[in-house]
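Have a look at the structure below before the remarks.
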Amino acid sequence: MARPMVFLALVALWAGPTESFAQKPPPTGEVLVVHPSARAAIGRLRSPYCPGMMLEVCPSPGGAMLRDSIQHMAEAGLTADTIVDRILAAYGEEWRAEPLGTGAGRWAWLLPPLGLLAGLAAVASVLLRRSGALPSAGPPPDPAPEDVGRLKEALADLEAEEEPAF
């Protein structure tokens, strides 16, 4: 099982990078124009060739070929939704960049704002509790006379210990 994959990887390395519509501008010097439907579809997909990256920034030849295929589908008149559906049918649902707004995907849209609101409510609650628990900033009470005597004795002992012995 692993030998065919190694063989294919070696052949891909030997063949070198493929030329791609998505990676190179046209040779005539004209400006490369990406179809709006292709741009929308590419922006809604993660790359199956560069895990963790969006398809629009994937530098691999496979990603470039997939962008080319999407460009050709858009030029053939397919909408961005249709293109995304076809790509996900071929590669799998895990390559969708943003969750659906229905079913379990709805939780992915609802939980972050709800978590943020819950965190803000917790911070506000703690701040309100602490502001009510703090005493007013008035002058401190006068110490008792016996405390003043003990303080003076402790300061005298401290000064005596700190005097140099030489």
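Which length gain, in nm to one decimal place, applies between Ala89 and Ala165 when the Cα-Cα distance is subtracted from 0.36 nm times their residue separation?
The span from Ala89 to Ala165 would gain 18.5 nm if fully extended.
Extending each Cα 7 Å along its Cβ direction at Ala121 and Arg106, get the distance between those two points in nm, one decimal.
2.0
Out of residues 5 or more away from Arg96 or on other chains, whose amide H comes under 5 Å of its own, with H placed 1.01 Å from N in the peptide plane?
Sorted by chain and number, the residues that satisfy this are Arg46.
Sort Ser37, Ser125 so the one with the fewest other Cβ atoms within 10 Å of its own Cβ comes first. Please report the intermediate quantities before stating the final value.
Working: Ser37 22, Ser125 10.
Listing Ser37, Ser125 from fewest to most nearby Cβ atoms yields Ser125, Ser37.
What is the log10 of I(q)/I(0) for region 32-97, computed with the Debye formula using one identical point scatterer on each Cα and no solvent, at q = 0.23 Å⁻¹?
Debye output, listed in q order: -0.90.
With each label point set 7 Å from Cα along the Cα-Cβ vector, what nm distance links Thr79 and Leu158?
Label-label distance for Thr79 and Leu158, simple model: 8.0 nm.
Identify, among Ala41, Ile83, Gly52, the residue whose Cα sits farthest towards the positive end of the charge dipole of region 32-97, taking +1 on the Cβ of Lys and Arg and -1 on the Cβ of Asp and Glu, with the dipole about the Cα centre.
Result: Gly52.
Peptides 138-145, 59-66, 71-78: what's the order by average Cβ count within 10 Å, highest mean first?
The peptides rank, most packed first, as 59-66, 71-78, 138-145.
A short reminder: the numbers here are calculations on the coordinates, not readings from a lab. Just so it is clear, the structure is predicted and the values come from calculations on it, not from any experiment. Neighbour counts are summed over all protein chains in view; Cβ atoms, including those assigned to glycine, are modelled from backbone coordinates with ideal geometry.
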